[in-house]
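Student: Starting off with a structure, shown below.
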Amino acid sequence: MKRVKKRIEKDRSGFVELYPEELEDMWHVYNLISVGDNLKATTIRRVQNESSTGSVESQRIRLTLTITVEDIDFDPQGGLLRIKGRNIVENKYVKMGMYHTIDLELNRNFTLFKAEWDIIALERIEEACDITKQADVAAVVLQEGLANVCLVTQHMTIVRQRIEHPIPRKRKGFVTNYEKGLQKFYDQVLQAILRHVNFEIIKVVILASPGFVKDQLREYIFAEAVKQDIRSLLENKSKFILIHCSSGHKHSLQEVLQDPAVQSQLTDTKFAREIVALDKFFKMLNDDPDRAFYGWDHVRKAEERGAIGTLLLSDELFRSADIPTRKKYINLVESVRSIGGKVLIFSSLHVSGEQLNQLTGVAAILNFPLPDIELEEDENNQIATEDNS
Amino acid sequence: MSRHRNIRKLNVAEIFEEEYEYEEEYGGENFEMTLKHKKQMEEGKTKIKSVIGQVEGITDKDIEDTLWYYYFDTEKTINWLLDKAHKAQSRKQKQAPSNNSQENKDPNISNSGPQSQGLSLSSLAQESLSRSTGRISLTKLVPSKSKTTDSSQTANLNTRISQKLISSNLNSSKTRMLTTSPNLSDSTHPLEQSSSILDSNASISSNSNHTEHSFLKSSFGSQPLNFKKDTIPHFSTTDSVNTLQIQAPSNPLIAPPSIFAIAIFAKLQDVQLPSNDLFTFELYATGSSNQEGFAFDKPSPDDIVLNAQSKKASSTSKSKQIATKPSPLLPPVHTMNNGTKKSIDASIKKSDDDDIEILEEEYKEDEQLKFDIGALSLDSEAESSKFSFNNIATPIKESENQGAVSPQLLPNEQKTQTKANIKSSKRINVIEEYKKRIADKFPLNLVVIGHVDAGKSTLMGHLLYLLGEVNEKAMKQYERDSSKIGKSSFAYAWVLDETGEERNRGITMDIAIRKFETENRRFTLLDAPGHRDFIPNMISGASQADVAILVVDATVGEFESGFEANGQTKEHALLIRSLGVQQLVVAVNKLDTVEWSKARYDEIVEKLGAFLSQAGFRKDKIAYIPCSGLIGENIIRRSPGILNWYGGETLTQQIDKFEPPTRLLEKPFRLSVSDFFKGGIGNIAGVTVAGRIESGTVQVGEEIIVIPGGESGVVKSLIVNEESSKWAAAGDSVMLTLTDLDILQLKIGSILCPPSQPVPVTSHFLARIVVFDVKIPITRGFPVILHRQSLNEPANIIKLVDIINKNTGEVIKKNPRHLPKSTTATVEIKLSNRPIPLEAFKDNKELGRIMLRKGGETVAAGVVVDILSYGS
């Protein structure tokens, strides 16, 4: 994404003009736009003209509209972002207050007006426009009969294709079925890689599986590449790395990205940091449960006592439609930062973010134990249950 | 063609005339019969008339009404009408003995016919009537039972007779909807329907809400044991097939059929098979308190299934009935429950591994089976097979009856019934056959487990060779080929490791299935891979097993590495224990590498013994055998002078002593697909499916459906233990060829089941789990891979409900933040990708067991307590 123009007043209102270049940018925009903002972008609208004789003629025109956002819809697979709202700048074709849905397009400028640009939104723009931080990885997690071809970027994990191919089991004196099935399966994976991996962008292709499936797949891929003279594969042979993981389901992508071999290739990328932090949180929860808390109530109590060392937040919380909730979390972020704590905002399109979302979306690793938080809770519960009984 | 033109063509006057007619009948209900319907109506009417001829008391209008009600299903209509005629006759006879009570009850019920036809006008209602999904029938059964509370209390016995006679008409026709205790639920159907007539759409939706709610309630009802015991001293919520069986004879309310009943049903009874008595007996056993001498002339297969499926539920709701209204009106119920309780106690004493125990043991103290989630019942064999005989016998009767009614009326019959047509004479009584088979040699599934390179495949390969299952020539070939690639010690393992990859790498990667026989047992051998990456395969194999051999490597250092945290010895042992395997032989292998040292053997036995009993194995069910797989020592015989200090059994002798487990023959047929491929066995076209039959029986010619999907197919041929067979029963590892089935409908982990008794499909359920030795605690949102038999699917633990004391069953903590290792807890699990077929543990022990794994480690094992949502 490129920032074309930015003008933010002292009262933090203002606008930013942006130029989205790739799929991931749509995800950023999706996180930036909230209900009530104004958006100016070019769009196509079908306009109907009624002639004097009563016949109706409709045509599609490209025009620039400014709307107040009412509804946002995002499809991560296709990177489609649709924003519905009411027109606020009248023109020849569209009256004030008429509804329109803008499909944001790549490589076309748009301008976003906000009544208040908060720190999270501004950081998001910085991050999105920082090209040095980009790392695109293709990962194939597989097991016999199941493969997920994923694209991992800074902020998104997209399953490009899920391949399921039943492989007959070995049976007495009858293994050809099994071996044939396996070959077919590998072929499908190879085709998926060729279709979805753009080797000009992708830095690393990870093949991850339990057992020897990954080794066999790699053998197969390069044998085929030589046989069919697939240049793109042969030239990028060094980009393929093999990682062990426990299964072919999407979950295990987290294991893969945690692997030291991958970490060294992708140092200091956002998702790597997220996974490490989440892992640390779980370890802490096991070893010293008084230093790891999740859920808004617990985390807020820890924050009041100034104990938070690392705050883990899901970006889903900031997409919240109601402003008080968003403010609540922004205050939390600012307060943690002010005492020197680290704040990590997880992308809910990553596996780690999904997991954090399940954990209420907010978690904290404390600098010192606070056993009384849970006790307090228990007491409250007890009182509550006594009241009930 | 546009709708406008359609309308133009209509004869308006005619339509209005029609409408007027119907409005008269249905008291101004908004109703419109389309032309198509009219045509169908006419066709149906003539058909029916031709079949039943002129019967007293059946008017044209009746036929029309009924046809509409069953939506032009002529066959059902005929059944209903004939029964109605019976009823009318019965009423005449009846009038003298029970005049008063009948007048009270009858209007309500006899109205229900036409009224519920009014109901059928709303498409929603129609759908719910005709829909055959498991969901409806499952949820439906609860309210009907709870409603019976009232009816059973208010109505006296006499009225009940007539009630049932009338409602039996409904019952025989509305097979899809009917529920566990048919008599009970029938009597309430009219009530339910008439209530929904009032505002059909709204009440139906609210009804289903209510049902689901009460369904949950009733299934939870079994948990707070203590509470209920306090309030009702007589009563115990424990319930199982056994209690029901035992309770039946003690039911004081079973009177011999009244004269009246005999008069009406005499004719029908003549036609029926001799097993009729058994069947009626079963109906009593399903636990209604107001039973009378009443025989169903046509028990639908659904009834029977649902009976079996929800015996537990029915008795739970019965308990609710007593708990909520312990009125003096119900003395017989109390006495009956006294009897029940005694019998429960007796059965608990009789066998501590019994069905009841499974749910009970989490509450009761049982130090041996601390962690036991699934115990196999060993004693109830005879009883259960007797019981299941009923289930098998009745569907035959059913199909015969159907055939007798009107063979020429069947062209419009559903696909399901035309596909599977076995003549009753050709039908095999599988239970009888099964008894014959087990009288010879009992079939057992044996899984071989242990750490990687413990020598599992070699030991078993050698055993197969010594037992003559591998021919000399092939063995020679293996020896030559293996020494060619410098792995001569793998020759025996090659018997089982057949793929190129496995042979090259020298490890087993997937389950190998072989059969062999000992003196008294017929084994299906499942050789599991030991490597940690292939544990999903190992689970797939172990879930098919009844008994296990745990192979440990006695070599210094090797045993230890297999036994330590990262070794698979412990994990495998825990897994098979959670999968319900109770009997274990430990083969202390490779003793030749330590000079047959007794000290080493004793050391291993001691270490393992401590762990295994902690894992929930009983001491008397574990045997230790010193042996060497490579040399072949102590497998079927011992060479003199090698194991002088050992005087026990050889490996073959020991595995010959495994006790036969109980099979779930009486449950509906379930087969968990572990493998499938195109092409039939022999020259038949079709799809071949392999897997283990978890419960029930199957025979050639039967129709089955694949869940999820619901696509149906017909069993064309069967292979059990490498031999073709006409039938197979629970516990068998089979390959079966299906025709008329698209291979795309199959997935590993799909369930095959009869069309009438589909397995529920769910993506959200409640489970009780035991957390293993985990490094990171289980929290909300914990992503896991869920394993059930061969199926593995990603899932999330979405809610931690409570932590339970595994000895007492008390709730230690509600809504815990996390589950540390080795806790027992109740959690909610949601599938991430798609729903899977699953049954609650109480309904089917095999399909109710789950394993949760993450990152290559097994984090928990457990059982499905309750299914929280059906479908996706």
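Student: Mind giving me the nanometre distance, one decimal, between the label points for residue B:773 and residue B:822, set 7 Å out from Cα along Cα→Cβ?
Tutor: 0.9 nm
Student: Follow-up. Label points 7 Å out from Cα along the Cβ direction at residue B:43 and residue A:71: separation in nm?
Tutor: Spacing of the two 7 Å Cα→Cβ label points: 4.4 nm.
Student: Would you mind ranking B:631, B:485, B:867, B:449 so that the residue whose beta carbon has the fewest other beta carbons within 10 Å leads the list?
Tutor: With the fewest neighbours first, B:631, B:485, B:867, B:449 line up as B:485, B:631, B:867, B:449.
Student: Want the number for residue A:375 to residue A:159: 0.36 nm per residue separation, take away the alpha-carbon distance, what's left?
Tutor: Contour length minus the Cα-Cα distance gives 73.5 nm.
Student: Only helices at least 27 Å long along their own axis, judged from Cα atoms, and with Kyte-Doolittle mean hydropathy of -1.0 or greater: name those in chain A from DSSP H.
Tutor: Working: long enough: A:176-196 (30 Å, -0.74).
Membrane-span-like by this rule: A:176-196.
Student: Past the 26 Å Cα-Cα mark, which pairs from B:456/B:821; B:436/B:716; B:515/B:657; B:607/B:813; B:678/B:726?
Tutor: Exceeds cut-off: B:456/B:821; B:607/B:813.
Student: What full-extension length gain, to one decimal in nm, is calculated for residue A:201 and residue A:47 as 0.36 nm per residue of separation minus the Cα-Cα distance?
Tutor: Extra length from residue A:201 to residue A:47 when fully extended: 51.5 nm.
Student: Sort out the exposed loop GluC sites (Glu not before Pro) in chain A (DSSP loop, at most 11 other Cβ within 10 Å) and tell me the longest stretch that has none.
Tutor: Values: sites that count: A:9, A:200.
With a cap of 11 other Cβ atoms within 10 Å, the longest stretch comes to A:10-199.
Student: Another one. Treat each spin label as a single point 7 Å out from the Cα along the C-beta direction, and report the residue B:684 to residue A:80 distance in nm.
Tutor: 4.6 nm
Student: How long is the gain from residue B:595 to residue B:811 if the chain were fully straight, where each residue apart is worth 0.36 nm and the alpha carbon distance is subtracted?
Tutor: 72.5 nm
Student: Then there is this: Which order do A:319, A:86, B:780 fall in if you start with the one that has the fewest other Cβ atoms within 10 Å?
Tutor: Exposure proxy ranking, most exposed first: A:86, A:319, B:780.
Student: Exposure proxy check: A:296, B:645, A:117 ranked by fewest other beta carbons within 10 Å?
Tutor: B:645, A:296, A:117
Student: A follow-up question, please. Calculate the FRET efficiency for residue B:869 and residue B:479 from the Cβ-Cβ distance with a Förster distance of 51 Å, rounded to the nearest 0.05. Mind showing how you got there, number by number?
Tutor: Numbers: r = 57 Å, r/R0 = 1.11.
Approximately 0.35, to the nearest 0.05.
Student: Given a Förster distance of 30 Å, report the FRET efficiency between residue B:607 and residue B:637 from their Cβ-Cβ distance, rounded to the nearest 0.05.
Tutor: The computed FRET efficiency comes out at 0.60.
Student: If you build the convex hull over the alpha carbons only and average its shadow over all orientations, what do you get for region A:224-330? Give it in nm² to one decimal.
Tutor: Average of the hull's projected areas for region A:224-330 equals 10.8 nm².
Student: In whole Hz and in residue order, list the ³J(HN,Hα) couplings for region B:598-614 that follow from phi through the Karplus curve 6.51 cos²θ - 1.76 cosθ + 1.60, θ = phi - 60°; x for Gly and Pro.
Tutor: 5, 4, 5, 4, 4, 4, 5, 4, 5, 4, 5, x, 4, 5, 5, 5, 5
Student: With a Förster radius of 25 Å, plug the Cβ-Cβ distance of residue A:280 and residue A:242 into 1/(1 + (r/R0)^6) and report the FRET value to the nearest 0.05. Intermediate results must be reported in sequence, preceding the final value.
Tutor: Values: r = 26 Å, r/R0 = 1.06.
It comes out at approximately 0.40.
Each reported figure results from applying straightforward, stated rules to the coordinates on display, with no laboratory input. The structure presented is a predicted model; accordingly, all values stated were derived computationally and were not measured. Neighbour counts are summed over all protein chains in view; Cβ atoms, including those assigned to glycine, are modelled from backbone coordinates with ideal geometry.
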